[in-house]
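**Student:** Questions regarding the structure given below will be posed in turn.
Every number in this text was worked out from the coordinates using simple rules, so none of it is lab data. The structure presented is a predicted model; accordingly, all values stated were derived computationally and were not measured. Counting neighbours? That spans all protein chains shown, and the Cβs are built from the backbone with ideal geometry, glycine included.
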Amino acid sequence: MTTLLPEGLAEWLLGSSDPPALVFGAFLGAALLGTGIMTNAAVVVWMKRKVLASYWEKLGPTKLGPGGIFIILADAVRLLSKELIIPEDVDRPAWDLAPLVLVVPIIVGFAVIPMGAVGNVRIQLADPEVGLAFVFAVSSVSAAGLVMAGYASANKFSLIGGLRAVAQTLAYEIPLVVSGLSVVLMAGSLRTSEIVAAQEGTLLALGPLSIPAWYGFLNPLAFILFLVATFAEVGRNPFDMAEAPQEIIAGHQTEYGGVYFALLYVGEFLHIFLGGALIATLFLGGPAGPLFPGFVWFVLKCWAVFLFTQWARASIPRLRIDQLIDLGWKVLLVLSFGTLLVTAIAVGLTA
């Protein structure tokens with residue numbers, strides 16, 4: 001029988017599973033998980049530059065360290081040591097809180113994602129019965145950070161970026177959740193660990209090869225809709241309307257610098273990886289995979305989603321804001337509810 005990460009740490013370090021030991025294990029597990037997530041985000045900033053450079057036939061970072069990887073440290077020192085310039089007329093409390101409101105809920109969302117196991121200890125902080133609903137709820141809070149940053153900056157371009165973020169969230173959050181509900185109907189649970197466990201079977205065996213019963217294969221339309229809605233949710237091309245550098249400078253980021261800008265910038269990549277973690281959990285079997293440990297497979301699937309977003313950024317032109325809203329309300333919404341209805345009928349007939 002496997003245990004969650006806080007219980008495993010409490011047993012390993014303190015030899016006890018009493019409430020105080022579990023609290024210690026929870027704090028330590030959260031610290032380890034948060035450190036790993038932020039470290040991954042720092043590596044992503046370097047990888048993004050190298051990947052986009054390869055698409056555009058450029059070099060990317062080359063000067064600092066092998067392949068320019070030490071640009072991560074240089075950027076960290078540069079941003080953390082810069083003077084924090086506060087524009088006039090900003091709404092100071094909201095302006096200060098916006099980067100935290102953007103980043104913290106995204107990190108919290110990782111708490112209920114099953115990332116594999118080490119021995120009999122699952123790399124998962126919590127496994128509530130409403131785990132999937134919890135992730136949707138906390139990840140949507142990050143949109144409030146975009147709105148706060150746009151409104152509080154007292155800048156028309158920032159305000160436009162914040163308003164676009166609101167319109168985009170409203171248009172794509174519903175298709176995202178409804179597409180996820182198709183998986184809930186098939187798995188019969190909102191608990192993320194049970195959704196992963198429901199995909200452990202084999203869909204089709206072809207000699208020595210087998211196709212796993214992942215929901216991405218069983219319900220490909222829901223998978224595609226969820227992927228597109230995730231792109232819009234995290235604001236990646238062709239849906240990066242909240243920033244749109246060629247139109248509104250940097251949107252909600254325009255008046256930020258130093259450590260505040262670093263938080264906003266890293267928050268975008270954290271959101272991409274949370275979206276990748278959800279896609280892996282709901283449609284790609286979570287940490288399931290041959291040969292390698294489950295945690296390795298989970299990280300590879302999340303990175304595959306990230307690399308796909310970078311391909312889209314390098315290849316697909318940005319939509320106009322009216323096209324983006326029309327796609328969300330008139331296409332994705334209708335298709336997601338249609339997929340949910342067909343899934344419900346199929347589940348009812350096969351039950």
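**Student:** Report whether or not THR39 is free of Cβ contacts under 8 Å to residues at least 12 places away in the same chain and closer than 24 Å to PRO287 by Cβ.
**Tutor:** Yes: the conditions hold for THR39.
**Student:** Report, ordered by the first and then the second residue, all pairs with beta carbons closer than 8 Å, sequence separation of six or more or different chains, a first member in region 257-270 that is closer than 9 Å to ALA41 by Cα and touching a residue at least 40 places away in the same chain (Cβ under 8 Å), and a second member that is buried (at least 21 other Cβ atoms within 10 Å of the Cβ) and of a type in the set (Val, Ile, Thr).
**Tutor:** Here the result reads VAL266/VAL103; GLY267/VAL103; GLY267/ILE106; PHE269/VAL44; LEU270/VAL103; LEU270/ILE106, each pair linking region 257-270 to a residue that is buried (at least 21 other Cβ atoms within 10 Å of the Cβ) and of a type in the set (Val, Ile, Thr).
**Student:** Within region 134-150, does at least one residue satisfy the condition of being among the polar types (S, T, N, Q) and surrounded by 18 or more Cβ atoms within 10 Å (Cβ to Cβ)?
**Tutor:** Looking for residues that are among the polar types (S, T, N, Q) and surrounded by 18 or more Cβ atoms within 10 Å (Cβ to Cβ), one finds at least one in region 134-150, hence yes.
**Student:** What helices (runs of 4 or more DSSP H), lying completely within region 1-106, carry at least 1 residues that are under 30 Å from ALA149 (Cβ atoms)?
**Tutor:** It comes to 19-55, 71-81.
**Student:** Here's another thing I want to ask about it. Do any helices (runs of 4 or more DSSP H) entirely within region 203-269 hold 2 or more residues that are closer than 24 Å to SER336 by Cβ and out of contact with any strand residue (DSSP E or B) (no Cβ under 6 Å at 6 or more places or on another chain), and if so, which?
**Tutor:** Passing ranges, in order: 215-218, 220-234.
**Student:** Could you grab me the full set of residues in region 1-40 that are of a type in the set (Gly, Ala, Ser), touching a Leu at 6+ places or on another chain (Cβ under 9 Å) and under 17 Å from PHE295 (Cα atoms)?
**Tutor:** Of everything in region 1-40, those that are of a type in the set (Gly, Ala, Ser), touching a Leu at 6+ places or on another chain (Cβ under 9 Å) and under 17 Å from PHE295 (Cα atoms) turn out to be GLY29, ALA30.
**Student:** Which number in (1) in contact with a strand residue (DSSP E or B) (Cβ under 7 Å, 6 or more places away or on another chain); (2) surrounded by 22 or more Cβ atoms within 10 Å (Cβ to Cβ) marks the one condition that ALA288 misses?
**Tutor:** Of (1) in contact with a strand residue (DSSP E or B) (Cβ under 7 Å, 6 or more places away or on another chain); (2) surrounded by 22 or more Cβ atoms within 10 Å (Cβ to Cβ), only one is false for ALA288: (2).
**Student:** Let me ask something else. Restricting region 262-276 to residues that are more than 9 Å from the chain's Cα centre (by Cα) and of a type in the set (A, V, I, L, M), which is farthest from ALA143 (Cα to Cα)?
**Tutor:** Among those that are more than 9 Å from the chain's Cα centre (by Cα) and of a type in the set (A, V, I, L, M), it is ALA262.
**Student:** Then there is this: Out of region 278-318, which residues are of a type in the set (A, V, I, L, M) and either in contact with a Leu (Cβ under 7 Å, 6 or more places away or on another chain) or closer than 18 Å to ILE224 by Cα (or both)?
**Tutor:** LEU278, ILE279, ALA280, LEU282, LEU284, ALA304, VAL305, LEU307, ALA312, ALA314, ILE316 - these are the residues of region 278-318 that are of a type in the set (A, V, I, L, M) and either in contact with a Leu (Cβ under 7 Å, 6 or more places away or on another chain) or closer than 18 Å to ILE224 by Cα (or both).
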